[in-house]
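Below is one structure; the comments refer to it alone.
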Ligand SMILES: Nc1ncnc2c1ncn2[C@@H]1O[C@H](COP(=O)(O)OP(=O)(O)O)[C@@H](O)[C@H]1O
Ligand SMILES: [Mg+2]
């Protein structure tokens, strides 16, 4: 376990209102995530978990408030695209692999934005697939892979550009318990070995149990954060 | 994996649509190449026939659209010949007459040129059968090789035109496809046959060159001012060969028709491309958002959509160019067309057609690419 205390990403009075339907998806959220932390985000469906991820990962802009990454405001960054491609990785519940590309090709997709020459891209993708135990399935199409294998390929893809911050939005939501266990093992390995900061949205207590910290969200607000003493953060 | 490999794989997901869109571009580009190529070869054929013989100026009647409808007094040739700077000038008559094949009943148009039997225009001619025209020939005709093949006539045969029985004295081959596809008669004979004695359609002029000789423009100006003995204008319009060719009505018409048809074809091809690329973006909304979320910049999305449409159009361009070359070479083998055009398309026209294909791809892909770039990267996190 590394001892880390510098803040990687932090929100200040973060709110998000979706104009269509006038939904207050997030209200005045203040959280801090430290470098190297493994954080689980829990909460009922529709409570704003995915919205929070998309704010933290610069997929969407907040209605008000601010997100700071390594102390810098996202809103004043010259290119969020570039920030995302260099610093952020995403793993989704439904994997979202490209159906006509093999595992090896899928992992290379984010690398088009890097300066790696084509041979290195393939080599790096092989390495990543090996690290998730998929060396034997390099040239398989997603349709020929089990769901667990697809998620492993997706994890390899999320690591393509060496992100410092990896998000998972219910990454085990479509998996059976045994496969989910395997994926969680991968996340744990990643966290322990490469020091990636992990923020994983989940419904599952097993996932939460693996994390160092659990943030509970309800109706767009943080209602509990295990990192800070529960007594002080419980909001009425 | 190369980025281009990725684009190809995307296109191959919808093979039929990809093929049809490319075919749309191919038709547009092919039409353009074929028509522009033909009209260009039409123009070049005319011009090179003049230039090879050293003809500097062509005189026709002022105010007519075409040499075929020009009507000038043959004796104007003497006024022109007397001008300083003129080396050679002679009368020429051009007529278009229908020839009906007695066996098949098919009628084809024959471009007939009436020349003096000692005309300087016989330069660069090859008599491949029989003999050239001679002094005293009257009801005689020299057939161009293409025409001779089409009508299956040889030296010594009789050729009936306008109910007049003509003797085929020889068969010639000219570097000019126009001439090889037509026929040449003694001026007097053609005048008699078309009931216009003493009348011609134009005068080719060869100038003196060298130090002190007047320029082409100066001589042309002189010719335009010419009056007969009674002080009436001879109504001559003299133009340098190149200008004459470009201004000739049939060539202008051919260019204009080619251009119009091509524009329509390109417009239709462009709409097809636009439609395909919009559909392709709409189908992949979520996928494109995911690509953004996993690290793609907007510019990469734009490159993907534009790249795909450029590949589609480049494939279409190649197909179209091949189609055009094949089509034109087949077309120019038809008896009705053979005399007027070569089957060769200038490489430059093919190149321009290919650029046009890319332009179609660019224009058809820009808007869809812009739309794709506007998609939010957060789409992948929305619950389905
Ligand atoms: N793009 C959107 N447009 C409109 N409303 C949205 C959009 N995304 C999410 N919402 C709404 O915002 C709320 C929070 O959604 P979300 O963050 O996806 O919750 P969770 O991930 O916790 O299930 C929900 O009420 C949802 O319907
Ligand atoms: Mg969600």
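The values are calculated or read from the model by the stated rules, or taken from the named source; none is laboratory data. Source: prediction; values computed, not measured. We place every Cβ from the backbone using ideal geometry, glycine too, and count neighbours over all the protein chains shown.
Matching residues to (1) under 26 Å from residue A:166 (Cα atoms); (2) within 14 Å of chain A (Cβ to nearest Cβ); (3) within 16 Å of ligand 2 (Cβ to nearest atom):
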| site | (1), (2), (3) |
| --- | --- |
| B:307 | no, yes, no |
| B:322 | no, no, no |
| B:366 | no, no, no |
| B:380 | yes, yes, yes |
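Could you run through segment A:69-91 and say how many residues are within 21 Å of residue A:153 (Cβ to Cβ) and at the interface with another protein chain (Cβ under 9 Å from one of its Cβ atoms)?
Count: 5.
Kindly indicate which of B:121, B:134 is within 21 Å of residue B:188 (Cα to Cα), part of a helix (DSSP H, G or I) and out of contact with any helix residue (DSSP H, G or I) (no Cβ under 7 Å at 6 or more places or on another chain). If you could, list the steps in order and put the result at the bottom.
Working: B:134 fails: part of a helix (DSSP H, G or I).
It is B:121.
Pull out all pairs, ordered by first then second residue, where Cβ-Cβ is under 8 Å, the residues are six or more apart or on different chains, the first lies in segment A:170-197 and is within 17 Å of residue A:93 (Cα to Cα) and more than 16 Å from ligand 2 (Cβ to nearest atom), and the second is assigned to a loop (DSSP other than H, G, I, E, B) and at pLDDT below 90.
What qualifies is A:180/A:204.
Going residue by residue through segment B:196-208, is there one that turns out to be surrounded by fewer than 14 Cβ atoms within 10 Å (Cβ to Cβ), assigned by TED's automatic domain parsing to the domain that holds residue B:130 and modelled with pLDDT of 90 or more?
For segment B:196-208, residues surrounded by fewer than 14 Cβ atoms within 10 Å (Cβ to Cβ), assigned by TED's automatic domain parsing to the domain that holds residue B:130 and modelled with pLDDT of 90 or more: present.
Taking the options A:66, A:32, name whichever one is more than 24 Å from residue A:208 (Cα to Cα) and either crowded, with 21+ Cβ neighbours inside 10 Å or more than 14 Å from chain B (Cβ to nearest Cβ) (or both).
A:66
Could you please find all residues in segment A:85-94 being away from ligand 2 (no atom under 16 Å from the Cβ) and either touching a strand residue (DSSP E or B) at 6+ places or on another chain (Cβ under 9 Å) or assigned to a loop (DSSP other than H, G, I, E, B) (or both)?
Once the filter is applied, which keeps residues that are away from ligand 2 (no atom under 16 Å from the Cβ) and either touching a strand residue (DSSP E or B) at 6+ places or on another chain (Cβ under 9 Å) or assigned to a loop (DSSP other than H, G, I, E, B) (or both), segment A:85-94 yields A:87, A:88, A:89.
Only one of A:101, A:56, A:97 is surrounded by fewer than 21 Cβ atoms within 10 Å (Cβ to Cβ) and either within 12 Å of chain B (Cβ to nearest Cβ) or within 16 Å of ligand 2 (Cβ to nearest atom) (or both); which?
A:101
Filter segment B:109-129 down to the residues that are farther than 14 Å from residue B:180 by Cα and surrounded by 18 or more Cβ atoms within 10 Å (Cβ to Cβ) and list them by number.
B:114, B:115, B:117, B:119
So which residues in segment A:105-118 are part of a helix (DSSP H, G or I) and more than 8 Å from chain B (Cβ to nearest Cβ)?
A:106, A:107, A:111
Would you call residue B:270 assigned by TED's automatic domain parsing to the domain that holds residue B:69 and either touching a helix residue (DSSP H, G or I) at 6+ places or on another chain (Cβ under 9 Å) or surrounded by fewer than 22 Cβ atoms within 10 Å (Cβ to Cβ) (or both)?
no
With a cut-off of at least 1 residues that are free of Cβ contacts under 8 Å to residues at least 60 places away in the same chain and in contact with a strand residue (DSSP E or B) (Cβ under 6 Å, 6 or more places away or on another chain), name the strands (runs of 3 or more DSSP E) lying wholly within segment B:140-191.
Of the strands (runs of 3 or more DSSP E) lying wholly inside segment B:140-191, those with at least 1 residues that are free of Cβ contacts under 8 Å to residues at least 60 places away in the same chain and in contact with a strand residue (DSSP E or B) (Cβ under 6 Å, 6 or more places away or on another chain) span B:140-144, B:158-161, B:164-174.
Looking at residue A:121 and the list (1) within 12 Å of another protein chain (Cβ to nearest Cβ); (2) under 22 Å from residue A:200 (Cβ atoms); (3) surrounded by 18 or more Cβ atoms within 10 Å (Cβ to Cβ), which single condition is not satisfied?
(2)
Being closer than 30 Å to residue A:157 by Cα, within 14 Å of chain A (Cβ to nearest Cβ) and in a loop (DSSP other than H, G, I, E, B), is that true of even one residue in segment B:16-24? Spell out the reasoning first.
Pass one, segment B:16-24, residues closer than 30 Å to residue A:157 by Cα: B:17-18.
Narrowing further to those that are within 14 Å of chain A (Cβ to nearest Cβ): B:18.
Those left that are additionally in a loop (DSSP other than H, G, I, E, B): none.
Looking through segment B:16-24, none of the residues is closer than 30 Å to residue A:157 by Cα, within 14 Å of chain A (Cβ to nearest Cβ) and in a loop (DSSP other than H, G, I, E, B).
Take residue A:81 and decide whether it is assigned to a loop (DSSP other than H, G, I, E, B) and more than 17 Å from residue A:215 (Cβ to Cβ).
no
Counting only residues that are in contact with a helix residue (DSSP H, G or I) (Cβ under 8 Å, 6 or more places away or on another chain), give me the helices (runs of 4 or more DSSP H) lying completely in segment A:124-236 with at least 1 of them.
A:147-158, A:177-194, A:205-210
Give the residues of segment A:162-201 that are within 14 Å of another protein chain (Cβ to nearest Cβ) and crowded, with 18+ Cβ neighbours inside 10 Å, sorted by residue number.
Correct list: A:163, A:164, A:165, A:166, A:167, A:168, A:169, A:170, A:171, A:199, A:200, A:201.
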